[in-house]
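Worksheet for the structure shown next.
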Amino acid sequence: MNLPLNKNPDYFEIFALVPKFHIDMGSLDTNFRDFQRQVHPDKTAHLSDAERRLSMQWATLANEAYQTLKKPIDRASYLLRINGIETHSEGHVVGLSEDFLMEQMEWREALQETIDNVDIEELDKLERRVKTKLTGQLDRLGNLLDSEQSFDAAADLVKQTRFLDRLLAEINNAYELLEN
Amino acid sequence: MLLQIAEPGQSIEPEVVQRLAVGIDLGTTHSLVATIRDSLPQVITDEKDRALLPSIVNYRANSTPTVGWDAKALQNEDAQNTIVSVKRFMGRTLTDVAHAQNTPYHFVPHEGMIQIETAAGTVNPVQVSADILKVLHDRAVHHLGGELVGAVITVPAYFDDAQRQATKDAAQIAGINVLRLLNEPTAAAVAYGLDQGAEGIYAVYDLGGGTFDISILRLSRGVFEVLATNGDPALGGDDFDRVIFNWVSKQMEIDPASNEASQLLSEVRQAKERLTDHPSAKIEIRGANGALLVLPISREIFNNLAVELVKRTLTPVRKALRDAGLDIGQIDGVVLVGGATRMPCIRQAVAKFFEQEPLTNLDPDKVVALGAAIQANVLAGNRMKEDWLLLDVIPLSLGIETMGGLMEKLIPRNSTIPIARAQDFTTFKDGQTAMSFHVLQGERELISDCRSLARFELNGIPPMAAGAARIRVTFQVDADGLVSVSANELISGVEAKIEVKPSYGLNDDDITRMLQESFANAQADIEARRLEEHRVDAKRLLEATDVALSEDSHLLTQEELVVLTKAVETLREAILGSDWQLIKQVSEKLNNASTDFAGRRMDISIKSALTGQTLDTLAM
């Protein structure tokens, strides 16, 4: 009487969501918590080794799924993956337009300048510009994935957003550097 | 007796038996143990009704260690055999500990974890901590009148894997079953949140005797979610004593290595405590010539001396806020934890930084132990009126060494635990059957700036052409924040064997040896002790099986139920005997017999989670 439970459910399935880029973040939060309430290792700490091990595995999966779906770029990348397209997480410049790469170089130079000049105001401006660009790209990504279903174009855009995301991380590091 | 023995087939009522469990705050300067009594958390006091146990152990030749207040009394006359603030040495080597030269101890030159030469022989920080834990454990057993199911032991949120593992090892040596290692600020948030019914985003500022943590949590509808944590594992109240000490010894022209100096340190502590409620204090000591030296110190002087230390706590606070993606204005409340937060200079700095008065309704010395007791009660399987969920994070990024001495991050800091990450590797030589890699924790790019956790040696890779093998290495961080590694070769399906060489921690042989030494010291029979340990484990397993059977025996076929019931009966008989090897063997059999059952029970939980969600979604 084994249950016909899929041992490798996809991340959307775990949280009872339709596999789309635009998801209800409130439902994601609520369903994640409800799921963890069932499987979290704190619920099985007094049970047998086997139950504790399974509980850790399911809680790990739920955390991974939640983190992936919570972040727009990772969510897009995951949607592409379940549609058979792998987008690598690190620095693949193949297929990126020259204009985009030029802009990236300019922004990176600008970032270095703000660090050299200890110029927090300029850093704020740069951060705003990058964030605006990223927001625009994520909107387009949503359309490509949900409405147009143009997965190849979406995959190219995911690569671009990863660049922007990394740049934002570096801007974050720069804040830390300048504030100390 | 914690175990209710039921006749086979007869179900027991799990909530009738209160399973005994405690929360332990193993602090740098003080430790505490707490439990739940009449649904309320309370600290268990000693025979003189004292809640705090000084985290001090004195070692003398041919004698059991002296722990707590009695050891504190020996601190001045027998400084080199009286270990204070041992928490600072946990999972650390001699080169890690900046202030080693300021201590009176004889350190043994040694590459691994610190070792100290005492009159009772060489001890390491894990053993010293175990000696403290034993006293708290005995206090709890005596007070509660029965064996404990286990304990939740708190650790600074910013503790790395080596420090966490050292804490868990200490508990094992003390004979304590660790239900969970819980982060101190999270424990405080549980105690505070449940007590006050708090909702919103809270910052827990935890300055203890030797460690500083900041955690940002979201409390909502029974969920305690850590958004970010940061800290300094070597900054605490002790350091404030040190700055006053340095200033006073300069003013009084006292040699910091002299006899007066250790007398001075306790004077300094008293003066610091007095300055909490008074504008000034006096420091008095007897000089070498018998004359009384007196030095007044005002709160203003102290605040000036402390200003750099106070500032040092705010850097991690800023980092945590940034990692959580929050502004100061979004923080609904700031909870102060740790005795050192009584200092007015800390309260002022925190109020100024967060632009609001911090919350101090709970005793900052006790709140961590109380939170740990609440969580221990739940983890032991006792039903509570409220139901809540803790989602904690890993404080430091986890990665491996790549070419050029760089660290590649696999799991970023502040990821919710448990978490796992898999990475594929291949061989670079024909017929290669082994490979090694180096696991690190930290935020910097160069491995020399990160903390080395362990080196792993993978063996048993099937010989193939170079680059043909695909070895998937999985790094798992469990709910205690502890890291484990497993590996298998994907093409052949062979599980590679992993040999762990912890960089700072103790290997299994060390622990076995220390366990034996510790029993030898207590003059207990090793065999008897081992029997007792296996009996306790077996009883725990029987109890877990009883719970599972009483809830879900309908998930088993008639034959499976017979097999399982038989295994239960065999184990029940075995624990009545005195053959620990038999108990171990039969326990393993029962464990194996219940593996499928465990899987089905988990499937039911997940199904019900999924069904619940579908209903929710439909209702929307």
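Here is a check on your reading of the model: is B:K607 farther than 21 Å from A:H46 by Cα and at pLDDT 90 or above?
Answer is no for this residue.
Before we move on, is B:G145 small (G, A, S) and either without any contact (Cβ under 8 Å) to a residue 40 or more places away in the chain or not assigned by TED's automatic domain parsing to the domain that holds B:A34 (or both)?
yes
Taking the stretch A:34-54 on its own, how many of its residues are more than 7 Å from chain B (Cβ to nearest Cβ) and either part of a helix (DSSP H, G or I) or surrounded by fewer than 21 Cβ atoms within 10 Å (Cβ to Cβ) (or both)?
Number satisfying all stated conditions: 3.
Looking at the stretch A:69-180, what helices (runs of 4 or more DSSP H) fall wholly within it and have at least 3 residues that are open to solvent by 70 Å² or more (accessible area, probe 1.4 Å)?
Qualifying helices (runs of 4 or more DSSP H): A:98-116, A:120-142, A:151-179.
What strands (runs of 3 or more DSSP E) completely inside the stretch B:387-444 contain at least 1 residues that are modelled with pLDDT of 90 or more and closer than 21 Å to A:E170 by Cβ?
Output list reads B:398-402, B:406-411.
Residues being away from chain A (no Cβ under 12 Å) and crowded, with 21+ Cβ neighbours inside 10 Å: count how many of those fall in the stretch B:389-399.
4
Just to be sure before I move on: is B:G381 closer than 26 Å to B:G197 by Cα, in the same structural domain as B:T154 (by TED's automatic domain parsing), at pLDDT 90 or above and under 24 Å from the mean Cα position of the chain (by Cα) in the structure I sent?
no
Identify all residues within the stretch B:342-386 that are among the polar types (S, T, N, Q), surrounded by fewer than 18 Cβ atoms within 10 Å (Cβ to Cβ) and either within 14 Å of chain A (Cβ to nearest Cβ) or assigned to a loop (DSSP other than H, G, I, E, B) (or both); write none if there are none.
Answer for the stretch B:342-386, where residues must be among the polar types (S, T, N, Q), surrounded by fewer than 18 Cβ atoms within 10 Å (Cβ to Cβ) and either within 14 Å of chain A (Cβ to nearest Cβ) or assigned to a loop (DSSP other than H, G, I, E, B) (or both): B:Q356, B:T360, B:N361.
With the checklist (1) open to solvent by 20 Å² or more (accessible area, probe 1.4 Å); (2) not assigned by TED's automatic domain parsing to the domain that holds B:T186 in hand, flag the one item B:I411 doesn't pass.
Going through (1) open to solvent by 20 Å² or more (accessible area, probe 1.4 Å); (2) not assigned by TED's automatic domain parsing to the domain that holds B:T186 one by one, B:I411 breaks only (1).
I need every pair where a residue in the stretch B:314-330 that is within 12 Å of chain A (Cβ to nearest Cβ) and open to solvent by 60 Å² or more (accessible area, probe 1.4 Å) has its Cβ under 9 Å from the Cβ of a residue that is β-branched (V, I, T) and part of a loop (DSSP other than H, G, I, E, B), sequence separation at least 6 or different chains.
Every condition considered, no pair remains.
Read through the list (1) more than 10 Å from every other protein chain (Cβ to nearest Cβ); (2) within 21 Å of B:A479 (Cα to Cα), then give the number of the only condition that B:L406 fails.
(2)
Consider B:G333 carefully, then state whether it is farther than 24 Å from A:E170 by Cβ, touching a Phe, Trp or Tyr at 6+ places or on another chain (Cβ under 7 Å) and small (G, A, S).
The answer is yes for B:G333.
Out of the residues in the stretch A:55-79 meeting the condition of being in contact (Cβ under 8 Å) with a residue 12 or more places away in the chain and over 19 Å from A:T30 (Cα atoms), tell me which one is nearest to the other protein chains (Cβ to nearest Cβ).
It comes out as A:M56.
Residues being more than 18 Å from B:V135 (Cα to Cα) and open to solvent by less than 40 Å² (accessible area, probe 1.4 Å): count how many of those fall in the stretch B:76-91.
Looking only at that region, the number is 7.
Could you check the stretch B:92-150 and list, in sequence order, the residues that are in a helix (DSSP H, G or I) and open to solvent by less than 20 Å² (accessible area, probe 1.4 Å)?
B:A100, B:P125, B:V126, B:V128, B:S129, B:A130, B:I132, B:L133, B:L136, B:A140
State which residue is most open to solvent (accessible area, probe 1.4 Å) when the search covers only the stretch B:437-465 and only residues that are under 16 Å from B:S484 (Cβ atoms) and not hydrophobic (A, V, I, L, M, F, W, C).
B:R455
Quick check on the stretch A:2-33: of everything there that is hydrophobic (A, V, I, L, M, F, W, C), in a loop (DSSP other than H, G, I, E, B) and on the phi < 0 side of the Ramachandran plot, which residue is modelled with the lowest pLDDT?
The residue in question is A:L3.
Can you pull out the residues in the stretch B:572-595 that are within 32 Å of the chain's Cα centre (by Cα) and either within 12 Å of chain A (Cβ to nearest Cβ) or open to solvent by less than 20 Å² (accessible area, probe 1.4 Å) (or both)?
B:I575, B:I583, B:V586, B:S587, B:E588, B:L590, B:N591, B:N592, B:S594, B:T595
On the given criteria, is B:A434 more than 14 Å from chain A (Cβ to nearest Cβ), open to solvent by 20 Å² or more (accessible area, probe 1.4 Å) and in contact with a strand residue (DSSP E or B) (Cβ under 7 Å, 6 or more places away or on another chain)?
Against the criterion (more than 14 Å from chain A (Cβ to nearest Cβ), open to solvent by 20 Å² or more (accessible area, probe 1.4 Å) and in contact with a strand residue (DSSP E or B) (Cβ under 7 Å, 6 or more places away or on another chain)), B:A434 qualifies.
The values are calculated or read from the model by the stated rules, or taken from the named source; none is laboratory data. None of these values were measured; they are calculated from a predicted model. As a convention, Cβ positions derive from the backbone with ideal geometry for all residues, glycine included, and neighbour counts pool all protein chains shown. All accessible areas refer to the heavy atoms of the entire protein, side chains included, with ligands and DNA or RNA removed. Shrake-Rupley method; radii C 1.70, N 1.55, O 1.52, S 1.80 Å.
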